[in-house]
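The values are calculated or read from the model by the stated rules, or taken from the named source; none is laboratory data. Since this is a predicted model, take the numbers as computed values, not measurements. Positions of Cβ are backbone-derived with ideal geometry, glycine not excepted, and every protein chain shown enters the neighbour counts.
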Amino acid sequence: MPGWTRASATPEEAAARQSAPPLPWPQAGERARRRTLLRLLRRRPLGAAAMAAVLAMLALSLGPPQPRFGLPDLPARPLGFEMGRPFLARYGPEDFFRDESGRLARFQGPSRQHWLGTDDKGRDVWSRLVWGTRRSLFFALWALALGTVGGTAVGLVSAYFLGTLDLLLQRLMDALQSFPPLLVLMLAVSLVEPSLRVLAVALAIVVMPGAQRVARSVVLSVRQEPYVEAARALGASHLRVIVRHVLPNAVAPAVVVFTVGLGAAVLAEAALSFIDPSTVPQAASWGLMLAEGRAFMFEHPHVVLAAGGAIALAVMAFNLAGDALRDALDPRLRLF
Amino acid sequence: MLRYILWRLLLNLLVLLLVASLVFLVLRLTPGGVLEAAAQGAQGDPRQAREAVRRSLGLDRPLPWQYWDYISGLARGDLGQSFRTRAPVMEEIRQRIGPSLELGLLQLAVAIATGVPVGVLAAVRRDTWADYLLRGATVLLLGIPAFVLAIFALLFCARYLGWTPPITAYRDLVPLPPFDTPAPEDPWANLQVMALPALIGGLGTGAIVMRFLRSQMLEVLGREYVRTAWAKGLQARAVVLRHALRNALLPVVTVVGLVLGTLVAGNVVLEAIFLIPGLGLYAVNGVRQNDYPVVQGMTLLVACFLVFVNLLVDVLYAWLDPRIRYA
C-alpha cells in the first residue's frame, strides 16, 4: 500500500518524519533531470536530435562580444551588444579571394581553404553560411518574442474584459491574420528604410493573431475559476488579478507558441530574401545566397545546395524541437 | 443556423472593412516610393515631376476624401485603377485568376491523392516500418520549404533527367470568361509548366493532410462502433474505408478549407520561380512597383477569400456532422 493513502499516522511516525534529516534535494533533482534527458533521448530521438541541431545553430552564430552597447539591431548587435566575427566563420562575409594567378577565385570546389568552396564573387561559402546563421536565428528569436509577448497581452486583455472590447479586438486580429505574411514583409521593406529590425516587427505583427488566440482561450477558461473571483472579492485591482492570477496560466502555452513558430520565422526571412533580393538588407543571408546561386546553379550547384540545405535543416530542426517541447509542456496544444 | 450565418457575415464585413482601412492607412502614411520612382524617371526638375505625378494619381487630395472615394468604390465593386498600367485592378485580377486557380486546384488534387491514402495506410499499419517511413517522409516534406524544394527539383530534373520545364511557355489551359480568348493551343505545354509547382505545393499540403488524417484515424479506429464492425466479421476494407475513414475525414475538411484560403495568393513563391502569370506574381509586382491600388486590391481579395472560406468550412462542418450545432 503506497504511503500517501494512509490518512492517519501514529504520533511516533509523525515525530520521526519531522526529525528526519532534510533530503538531499539538489542531488535528487539532478538525477531526475538526467533521467528526463535520457527519457527524451529514448522516447523522442528525433526531437532530441533537433534540439542538438538548434544548439549547434546557436554555437555557429556566437562570436566574441564587443563592449559596444545599444538597442538590439541585426545582424551586428543581436543582443544589445556587438558581436564580432562568429567563432566558426573563417572569413568575413564579404571577403573575396584570388587564386595564384591573381584572378578572382570564382566557383571553386570544396578545399582546405574553402570548406564549401567559393561563389561567383570569390567569397567563401561556409563563412557566409555561418554569418547567415546569426541573421536567421536572431531574426526568428526577436520576431517571435515580440509577437508572442504582444499577442499574449492582447489575448489576456481581450478575454479578461470580454464585451465590446473583445469583439472589436478580435475583429482587428482577424483582419491582421488575413494579410498574406510574405506580402506584409515585402510591404514593410518597400515602404520604410529596409532593415532587419523593421522586418522583425512586421513579422511579429503577423505572428500576433495566432499567439493571442492561444492566450485568449486559456484566459477564457481561467477567468471563471474561484480563485480569480476570490482575488477580486478581496479587493485586488484588475491589473493585479491579470498579472498575478491569470497571466501565469498563459505562460506555458506562450512558450509553446514561441518555439513552434521559430521554424516558420526562419522560413519567412529566407523566402523574403529569396523573392526580393534587391530590397532586403544585404548582409549575408541564406535566402540571398539561394537567390544569387540560382543564376549559376546548373553549372555550379554547390552554392544553392549549401544554402538550401541550411534553410531546410534549420526549419526542420526548429519544427521538430518545437513539437517535442510542446508535447512535453502542453500536449493539449497539439494540432495533429 | 441562419441567424448564425447572418451574424458571421456581418462580422466578416467588419473584418474586411478593417483590412481595407489598414492597408489604405499604411500605404498613405508612409513616405511614397511611387513618387520617388516617378521623379527619378522624369526629366527636368524632380520636384515638379513629383508634384505632377502626385496630382495625376489623385494623391494630392485630403486623406479623408481619398478614403471616401476608395471605400465607396469598394461598395460598387471598383478596386480603382493601377498606377502603372492605368487599367482597372478588377480587370487585371480577372485576367490573372485563371493560372492561380488552376495551380491551386492541381495542388489540392495532389494533396488529397497522396495525403488521404497515405494517412489511412500509416494509421492502419501503426508502428510498423511502413508507418515510420511515411511519417519520416512527411517530416521531410514539412521541413523543406517550397522554394528550396523547387530549386532542388529543377536542379535534379536538369542534371539527372535532362529535362527543364518550359518555364516561359505558360499558356492558359482554360479560356477565361467571357470566353472570347482563343482556346488553349496546347494543354500539354501548360501541364509541363504546371507539373513541378503543382507537385511541390501539393506534396507539402498532402503531408499536412496525412498527419491530420492519421491521428484522426487512430482515434476513430479505437472507438467501440469500429470494434463492433470488426466483431460482426466485416472485411477489413469495409471497416477501414466505410466505418472509420468516413468519420475521420471530417476534420480534414478544415485542413482543406485552410489550404483553399491560401490558394489565391498563397503560391507567391512558386509562381515567382516558375513564372506563372497568376495573382501571386501580380501581388509581388504590385508591391515592388509601389502600385497602391494593386496592393490594396490584392490584400482585400485574399482577405475576402480567407474569411468566406472559413465561414463555408464552419457551415459545411455542421452539415456533415449533425452533432455540431452553432448557437
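Structure data summary
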read-out: Leading residue by the ranking (surrounded by the most Cβ atoms within 10 Å (Cβ to Cβ)) among those in region B:49-63 that are part of a helix (DSSP H, G or I) and under 35 Å from the mean Cα position of the chain (by Cα); value: B:Val53
read-out: Helices (runs of 4 or more DSSP H) enclosed by region A:177-259 - at least 2 residues per element that are in contact (Cβ under 8 Å) with a residue 40 or more places away in the chain and more than 15 Å from A:Ser158 (Cβ to Cβ); value: A:181-191, A:196-222
read-out: Residue, farthest from A:Arg294 (Cα to Cα), within region B:109-133, restricted to residues that are buried (at least 23 other Cβ atoms within 10 Å of the Cβ) and within 14 Å of another protein chain (Cβ to nearest Cβ); value: B:Ala123
read-out: Filtered residue count, region A:277-299, keeping only those that are within 11 Å of chain B (Cβ to nearest Cβ) and surrounded by fewer than 23 Cβ atoms within 10 Å (Cβ to Cβ); value: 8
read-out: In region B:57-89, residue nearest to B:Val26 (Cα to Cα) [restricted to those that are hydrophobic (A, V, I, L, M, F, W, C) and without any contact (Cβ under 8 Å) to a residue 40 or more places away in the chain]; value: B:Leu63
read-out: Residues being small (Gly, Ala, Ser) and at pLDDT 90 or above - total across region A:218-231; value: 2
read-out: Residue match in region B:230-247 (condition: among the small types (Gly, Ala, Ser), within 12 Å of chain A (Cβ to nearest Cβ) and buried (at least 23 other Cβ atoms within 10 Å of the Cβ)); value: no
read-out: Filter result for the condition that a residue is within 11 Å of chain B (Cβ to nearest Cβ) and within 16 Å of A:Glu269 (Cβ to Cβ), over A:Val206, A:Val201, A:Val184; value: A:Val184
read-out: Where A:Leu141 falls short, out of the listed (1) without any contact (Cβ under 8 Å) to a residue 60 or more places away in the chain; (2) among the hydrophobic types (A, V, I, L, M, F, W, C); (3) surrounded by fewer than 23 Cβ atoms within 10 Å (Cβ to Cβ); value: (1)
read-out: Hey, B:Asp60 away from every other protein chain (no Cβ under 13 Å) and either under 22 Å from B:Val295 (Cα atoms) or at pLDDT 80 or above (or both) or not; value: yes
read-out: Any hit, region A:317-332, residues being of a type in the set (Asp, Glu), part of a loop (DSSP other than H, G, I, E, B), over 24 Å from A:Ser278 (Cβ atoms) and modelled with pLDDT under 95; value: yes
read-out: Tabulated pairs, region A:294-308, first under 11 Å from A:Asp120 (Cβ atoms) and at pLDDT 90 or above, second assigned to a helix (DSSP H, G or I) and not charged (D, E, K, R), C-beta under 6 angstrom, 6+ apart or interchain; value: A:Val303/A:Val125; A:Val303/A:Gly293
read-out: Any pair with Cβ under 7 angstrom, 6 or more apart, that starts in region B:139-153 at a residue that is more than 7 Å from every other protein chain (Cβ to nearest Cβ) and ends at one that is part of a helix (DSSP H, G or I) and among the β-branched types (Val, Ile, Thr); value: B:Ala146/B:Ile200; B:Ala146/B:Val269; B:Leu149/B:Ile200; B:Ala150/B:Ile200; B:Ala150/B:Ile273; B:Ala153/B:Ile200
read-out: Any hit, region A:288-308, residues being part of a helix (DSSP H, G or I) and farther than 30 Å from A:Trp131 by Cα; value: no
read-out: Single residue of B:Leu103, B:Leu27, B:Leu35 found to be within 14 Å of another protein chain (Cβ to nearest Cβ) and either in contact with a Phe, Trp or Tyr (Cβ under 9 Å, 6 or more places away or on another chain) or modelled with pLDDT of 80 or more (or both); value: B:Leu27
read-out: Breaking point among (1) in contact with a helix residue (DSSP H, G or I) (Cβ under 6 Å, 6 or more places away or on another chain); (2) over 30 Å from A:Ala175 (Cα atoms); (3) not small (Gly, Ala, Ser), for B:Val259; value: (2)
read-out: Hits in region A:162-175 - residues which are within 8 Å of chain B (Cβ to nearest Cβ) and either touching a Lys or Arg at 6+ places or on another chain (Cβ under 7 Å) or touching a residue at least 24 places away in the same chain (Cβ under 8 Å) (or both); value: A:Asp174
read-out: Scan of region B:154-168 for residues that are within 12 Å of another protein chain (Cβ to nearest Cβ), more than 19 Å from B:Asn267 (Cβ to Cβ) and touching a helix residue (DSSP H, G or I) at 6+ places or on another chain (Cβ under 9 Å), ordered by number; value: B:Leu155, B:Cys157, B:Thr164
read-out: Complete set of residues in region B:64-98 that are in a helix (DSSP H, G or I) and among the hydroxyl-bearing types (Ser, Thr, Tyr); value: B:Tyr67, B:Tyr70, B:Ser72
read-out: Positions within region B:111-130 being without any contact (Cβ under 8 Å) to a residue 24 or more places away in the chain, of a type outside the set (Gly, Ala, Ser) and not in a loop (DSSP other than H, G, I, E, B), in sequence order; value: B:Pro117, B:Leu121, B:Trp129
read-out: Odd one out for A:Pro67, checked against (1) exposed (fewer than 14 other Cβ atoms within 10 Å of the Cβ); (2) in a loop (DSSP other than H, G, I, E, B); (3) modelled with pLDDT under 85; value: (2)
read-out: Residue ID - farthest from A:Leu187 (Cα to Cα), chosen from residues in region B:283-315 that are among the β-branched types (Val, Ile, Thr), surrounded by fewer than 24 Cβ atoms within 10 Å (Cβ to Cβ) and more than 9 Å from chain A (Cβ to nearest Cβ); value: B:Val315
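Table: residues versus (1) within 18 Å of the chain's Cα centre (by Cα); (2) at pLDDT 85 or above; (3) within 22 Å of B:Gly77 (Cα to Cα).
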site: B:Val259; (1), (2), (3): yes, no, no
site: B:Asn267; (1), (2), (3): yes, no, no
site: B:Pro293; (1), (2), (3): no, yes, yes
site: B:Trp319; (1), (2), (3): no, no, no
site: B:Arg325; (1), (2), (3): no, no, no
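Here is a yes/no grid of residues against (1) under 20 Å from A:Asp120 (Cβ atoms); (2) within 11 Å of chain B (Cβ to nearest Cβ); (3) buried (at least 19 other Cβ atoms within 10 Å of the Cβ); (4) β-branched (Val, Ile, Thr):
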{"position": "A:Leu239", "(1), (2), (3), (4)": "no, no, no, no"}
{"position": "A:Arg244", "(1), (2), (3), (4)": "no, no, no, no"}
{"position": "A:Val257", "(1), (2), (3), (4)": "no, no, yes, yes"}
{"position": "A:Gly263", "(1), (2), (3), (4)": "no, yes, yes, no"}
{"position": "A:Ala271", "(1), (2), (3), (4)": "no, yes, yes, no"}
{"position": "A:Ala310", "(1), (2), (3), (4)": "yes, yes, yes, no"}
{"position": "A:Phe318", "(1), (2), (3), (4)": "no, yes, yes, no"}
